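J.: Dropping a structure here in structure tokens format, bear with me for questions.
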Amino acid sequence: MKHKHISLSDCSLRDGNHAVKHQLNVEQIANYCKGADRAGLDIVEVGHGYGLGASSSAFGVAKVDDETMLSVARENCKTSKLGIHFVPGVGKHSDLDMAIEIGVDVFRIASHCTESNITYRPIQYLKAKGKMVYGVLIMSHMADAERLLKEASGMKAAGADGIVLMDSAGYSTPDVVSEKVSVLHENLGITIAYHAHNNLGLAVANSIAAVESGAEIIDATIKGFGAGSGNTQLEAVVAVFERYGYEMNVKFKDLVNLSLYAESNIISSVPDIKAINIMTGMHGLFTGYGTYVQKVSSDFGVDIFDLCERLASRKLVASQEDIILEEASKMAKGVV
Amino acid sequence: MSNRVAIIGTGSIGMDLMCKTISSKGLDLRFVVGRRSDSPGMKEAMLRGVATSSEGISYLEDNIEEFDIVFDATSANSHVEHDRVFSKHNKFVVDLTPAKIGELCVPVINMESLKDSRNINLITCGGQASLPLAYALKNSCEKVMYVEVISSISSDSAGIATRENLNEYVETTEFALKKFTDAEASKAILNINPAVPQVCMQTTLYARCEKVDIERLENNVNNVVKKVKEYVPGYNLVLEPLVDSGSVTLAVQVYGSGDYLPEYSGNLDIINSAAIAVAKFKSKVSAFGSRAVTIEEGLV
């Protein structure tokens, strides 16, 4: 298995946007893309944390609009492919048209892991235009391997070139990752990508388990910059893959400057594992809720851990911030 | 006579409409038509003693003088075909598909002004849930600049048509939000949640506006919620308006009546209940001729 080729999809400018409440600016996007391109990263994903068309009161208003973000990134990514994240029901087909117009190369069409049939139409729409399309299964800890295979098979039938499994709550452990990735890899015959979060300190380990089980693309971010306690740290995972002898277009030494740039110009606080991140991880809540849960619990003066428990009992999926607000207001009024 | 109803489409929406029409005092259900005589909906209709036909639109055309109001619960493409027939015979139709060829209607906002319209479109479930709130807000401030609506529905209440038409759902809801509030910009988001037991529909409205009169907003919201409750008893305010300078946030939960569909399907119930409200109103307008029928009379 060693000596196979691994591609790196850098989502620092998309998942990282969650970490700064979607306030990445044009200069940061331009400079980071230039550096990532120079370092040889395969794919650079850019946008609002929740993807195209997601800038909103519910999810946070982005500092820079989608079109500007993508245009700036496109100008600065000469060899790296430019990627976007898109969730049907959040973004519109007109947003996809805009991205096609700007010259986005990789389209990642996402749904909650049990609802993949909502992605069929946009996948077919983009494949008809000859684009590279991945089907993304969000919150993949909420379905077993068999169900994930069923959902992924539907995306493949709709035309997806590959499947991305996202551990959006940072809930998974390496044994579970190996099982799920193996099942998809052995049964689908298309590229599998893995996207980890670090709530339990397992993002790098989970990414290695994914590659050893057949994944060929790994999502990672500079210094782990991403929602909640962040993602797989790009520099670290590349160093490990080098030691294991995997082939990559990117070398660890080329990431040193990018890491230093990001440290002094983009990342206001380096992601670490706070108690709230472990709490959301344990409860299987979307990791991006960490900051919002903190804000809302302090605004309404309610206990943060009680709030997490109540949200977990309502089985929230990703992008349900409005329910967090409603639950906190109910708690503040003493409604059971 | 002006209250005779026909339903075209025997899926879950058509069946729920059938149950609601049967139990509506003012309405008289005449036909349920579809395309397959062995469909579960058709069997259900026969079981309840309703006259059925698998000849669909051609049966309705052959019997065009036998009904006054038709609910179209098929698909957008089919509705375009069907409306050629309805239009030829000047037949009143309530369209539950996303075809959008008729006038957009939310009963508590504009039903009275549409009494002469022949084709009424009910927008989307998120539209029916949020537009009453958006309209209450518009009447409580100087100007709505931006309005956004996020709805969560249970996976089991989201059929294939909903899933394939998410883009149309978002576009139609955003269009209606602007139309009914005069906002410059709008945004709609739909979330599908697979939790079991199923979550009921919940809709949150966020807005930015100029000079909100908080007391007036609270009154207007309470009044409109009360009015919607007349046709959707499970429509409840769960987040009273939070006002922070020009930003307003409020939310409702929508439980269905459980007529044919489970109670958690508030999203399907609210659009069907709106259809019944429109039909009752129309039958009264026709019965009383030119005398103005108020919205309260229409809803009863």
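J.: With N set to the number of residues, divide the alpha-carbon radius of gyration of the stretch A:288-332 by 2.2 N^0.38 Å and report two decimals. Spell out each step's value before the answer.
T.: On the way: Rg = 9.1 Å, N = 45, 2.2 N^0.38 = 9.3 Å.
Its radius of gyration relative to the 2.2 N^0.38 Å reference: 0.97.
J.: Okay, next question. I'm a student and want to see the number: the projected area of the Cα convex hull of the stretch B:216-275, averaged over all directions, in nm².
T.: 4.4 nm²
J.: For a label point 7 angstrom out from the Cα of B:LEU242 toward its Cβ, which stretches of the stretch A:311-336 have the backbone nitrogen within less than 12 Å?
T.: A:321-333
J.: Enumerate cysteines in chain B without a disulfide-compatible partner, where compatibility requires another Cys Cβ under 4.7 angstrom.
T.: Those would be B:CYS19, B:CYS105, B:CYS125, B:CYS200, since no other cysteine Cβ in chain B comes under 4.7 Å of theirs.
J.: I would also like to ask the following. If we count other beta carbons within 10 Å of each Cβ, what is the order of B:ILE101, B:ILE189, A:ILE208, fewest first? Don't skip to the answer; put the middle values down first.
T.: Details: B:ILE101 14, B:ILE189 27, A:ILE208 23.
The order, fewest Cβ neighbours first, is B:ILE101, A:ILE208, B:ILE189.
J.: Moving on. Report the residue, chosen from A:ALA157, A:ALA110, A:ALA30, that carries the largest GNM mean-square fluctuation when chain A is represented by alpha-carbon nodes joined by springs under 10 Å.
T.: A:ALA157
J.: OK, next. Return the distance in nm (one decimal) between the two label points of a simple spin-label model at A:SER298 and B:ARG35, each offset 7 Å from Cα along Cα→Cβ.
T.: A separation of 5.8 nm, rounded to one decimal place.
J.: Order by neighbour count: B:HIS89, B:HIS79, fewest other Cβ atoms within 10 Å first, most last.
T.: Working: B:HIS89 10, B:HIS79 25.
With the sparsest Cβ surroundings first, the list reads B:HIS89, B:HIS79.
J.: May I pose another question? Given a Förster distance of 51 Å, report the FRET efficiency between A:LYS253 and B:ALA185 from their Cβ-Cβ distance, rounded to the nearest 0.05. List each step's numbers first, then the result.
T.: Details: r = 47 Å, r/R0 = 0.92.
Result of the calculation: an efficiency of 0.65.
J.: How many Å³ per residue does the convex hull of the Cα positions in the stretch B:241-281 occupy? Mind dumping the intermediate values first?
T.: On the way: hull volume 3.8 nm³, N = 41.
Output value, Cα hull per residue: 94 Å³.
J.: Right, next: Given 25 °C and 0.890 mPa s, compute D for the stretch A:149-255 with the Stokes-Einstein relation, Rh being the Kirkwood radius over Cα pairs; round to the nearest whole µm²/s.
T.: Details: Rh = 14.0 Å.
Once the numbers are plugged in, D ends up at 176 µm²/s.
J.: Can you give me the P(r) profile for chain B? Cα pairs, bins 10 angstrom wide beginning at 0, each as a whole percent.
T.: Spelled out bin by bin, chain B gives 6, 29, 36, 21, 7, 1 percent.
J.: Okay, next question. For the stretch A:85-227, state the average projected area of the convex hull of the C-alpha atoms over all orientations, rounded to one decimal in nm².
T.: On the way: hull surface 32.0 nm².
One quarter of the hull surface, i.e. the mean projection, equals 8.0 nm².
J.: Here's something else I'd like to know. How much length is gained if the chain between A:GLU263 and A:ALA312 is pulled fully straight, taking 0.36 nm per residue apart and subtracting their Cα-Cα distance, in nm to one decimal? Spell out each step's value before the answer.
T.: Working: separation 49, 0.36 × 49 = 17.64 nm, distance 3.37 nm.
Extra length from A:GLU263 to A:ALA312 when fully extended: 14.3 nm.
J.: Let me ask something additional. What distance in nm lies between label points placed 7 Å from Cα along the C-beta direction at A:LYS129 and B:ASN77?
T.: 2.2 nm
J.: Moving on to the next point. Just the Cα atoms of the stretch A:127-198: what Rg and Dmax do they give in Å?
T.: Cα-based Rg and Dmax for the stretch A:127-198 come out at 11.9, 38 Å.
J.: I've got another one for you. Give me log10 I(q)/I(0) at q = 0.12, 0.14, 0.16 Å⁻¹ for the stretch A:7-265, Debye formula, one equal scatterer per alpha-carbon, no solvent.
T.: -0.62, -0.87, -1.18
J.: Counting Lys and Arg as +1 and Asp and Glu as -1, what is the net charge of the other residues whose Cβ lies under 15 Å from the Cβ of B:PHE31? Before the final figure, lay out each step's value.
T.: Values: positive: B:ARG4, B:ARG30, B:ARG35, B:ARG48, B:LYS91; negative: B:ASP28, B:GLU44, B:GLU55, B:GLU61, B:ASP62, B:GLU65, B:GLU66, B:ASP68, B:ASP72.
Its environment carries a net charge of -4.
J.: Now for a separate question. Take the Cα pairs of the stretch A:1-120, get the Kirkwood Rh, then feed it into Stokes-Einstein at 20 °C and 1.002 mPa s and tell me D in µm²/s. The partial results should precede the final answer.
T.: Details: Rh = 14.6 Å.
In µm²/s, the coefficient rounds to 147.
J.: Return P(r) of the stretch B:8-123 (all Cα-Cα pairs; 5 Å bins starting at 0; whole %; ordered from short to long distances).
T.: 2, 12, 22, 25, 22, 12, 4, 1, 0
J.: To check you understand DSSP bridge types, tell me what percent of the beta bridges within the protein assembly as shown (both residues inside) are antiparallel, rounded to 5. Don't skip to the answer; put the middle values down first.
T.: Details: 28 of 94 bridges.
Expressed as a percentage, antiparallel bridges in the protein assembly as shown total about 30.
J.: Would you mind counting up the charge near A:GLY228? Only other residues with Cβ under 15 Å from its Cβ, with Lys and Arg at +1 and Asp and Glu at -1. Walk me through the numbers before you get to the answer.
T.: On the way: positive: A:ARG14, A:LYS21, A:LYS223, A:LYS274, A:LYS295; negative: A:ASP15, A:ASP167, A:ASP219, A:ASP272, A:GLU321.
So the surrounding residues net to 0.
J.: Take the Cα gyration tensor of the protein assembly as shown, multiply each eigenvalue by 5, square-root it, and list the three semi-axes largest first, rounded to whole angstrom.
T.: Working: eigenvalues 440, 144, 90 Å².
One finds semi-axes of 47, 27, 21 Å for the protein assembly as shown.
J.: For the stretch B:49-92, state what percent of all Cα-Cα pairs lands in each successive 10 Å bin, counting from 0 Å until the bin that includes the largest distance.
T.: 25, 63, 12
J.: Output the Cα-based Rg and Dmax of the stretch B:125-265 in Å, rounding Rg to one decimal and Dmax to a whole number.
T.: Final numbers for Rg and Dmax: 14.8, 44 Å.
J.: Kindly write out, for the stretch B:195-207 in residue order, the coupling ³J(HN,Hα) from the Karplus curve 6.51 cos²θ - 1.76 cosθ + 1.60 (θ = phi - 60°), rounded to whole Hz, with x marking Gly and Pro.
T.: 3J(HN,Hα) across the stretch B:195-207, in whole Hz: 4, 10, x, 5, 7, 8, 5, 9, 10, 10, 10, 10, 8.
J.: Hey, what number do you get for the protein assembly as shown at 222 nm if only DSSP H runs of n ≥ 4 count, each worth -39500 (n - 2.57), divided across all residues, to the nearest 500? Let's see the in-between values first.
T.: On the way: 25 runs with 280 residues, N = 636.
When only DSSP H runs of four or more count, the value is -13500 deg cm²/dmol.
J.: So how far apart, in nm, are the two label points at A:ILE100 and A:GLU179 if each is 7 Å from Cα heading toward Cβ?
T.: Label-label distance for A:ILE100 and A:GLU179, simple model: 4.1 nm.
Computed from the coordinates by the stated procedures, all read-outs in this text should not be read as laboratory data. What you see is a predicted model, and the numbers here were worked out from it, not measured in a lab. Reconstructed Cβ throughout: ideal geometry from the backbone, glycine too, with neighbour counts over all protein chains shown.
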